[in-house]
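The next block holds one structure in the form of structure tokens; read it before the comments.
The values are calculated or read from the model by the stated rules, or taken from the named source; none is laboratory data. Only a predicted model underlies this, so the values are computations on that prediction, with no experimental measurement involved. FYI the Cβ positions are ideal-geometry reconstructions off the backbone, even for glycines, and counts take in every protein chain you see. When the accessible area is computed, the model is the full protein with side chains, heavy atoms only, and any ligands, DNA or RNA have been set aside. Shrake-Rupley method; radii C 1.70, N 1.55, O 1.52, S 1.80 Å.
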Amino acid sequence: MRKLSLLTVVFGLTLVVGACRNPDYKPDPSVEACNAGGPLSARQRMYAMAPNPQAVYGMPIECKMGGDGVMRLSPPAAR
């Protein structure tokens, strides 16, 4: 009986989570390029959030930390 009720709860949660997924979601390629290595360590985050940000080891040099705390490729410089 317990296995059946546990299975029912797990199945119900799977349906709820699957129903909330947005089918039109398209990831931002500028974010994917900078976050391929996983989350930043505390030291990497400190370097990325400095007033004059430095390059973060293991990330492309064009990656900058945005105001929302997400690493993105910086937009090309205006000519």
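Take Ser74, project a point 7 Å from its Cα along the Cβ direction, then tell me which residues of the range 30-58 have their backbone nitrogen under 12 Å from it. Residues 52-56 qualify, since their backbone N sits under 12 Å from the label point. Solvent-accessible surface of the chain, averaged per residue with a 1.4 angstrom probe and all protein chains in place: 87 square angstrom. Determine the relative contact order of the chain: mean sequence separation of Cα pairs under 8 Å and six or more apart, normalised by residue count, in whole percent. The value is 25 percent. Hey, of (i) 65, 30, 19; (ii) 41, 22, 19; (iii) 48, 36, 18, which did the structure itself give for Cα extents along the principal axes in Å when calculated? Only one listed value fits the structure, namely (i).
What part of the accessible area of the chain, given as a whole %, is carbon or sulfur when the probe is 1.4 angstrom? So the carbon and sulfur contribution to the accessible surface is 64 percent. Rounded to the nearest 10 degrees, the angle from helix 2-20 to the longest Cα principal axis of the chain is 40 degrees.
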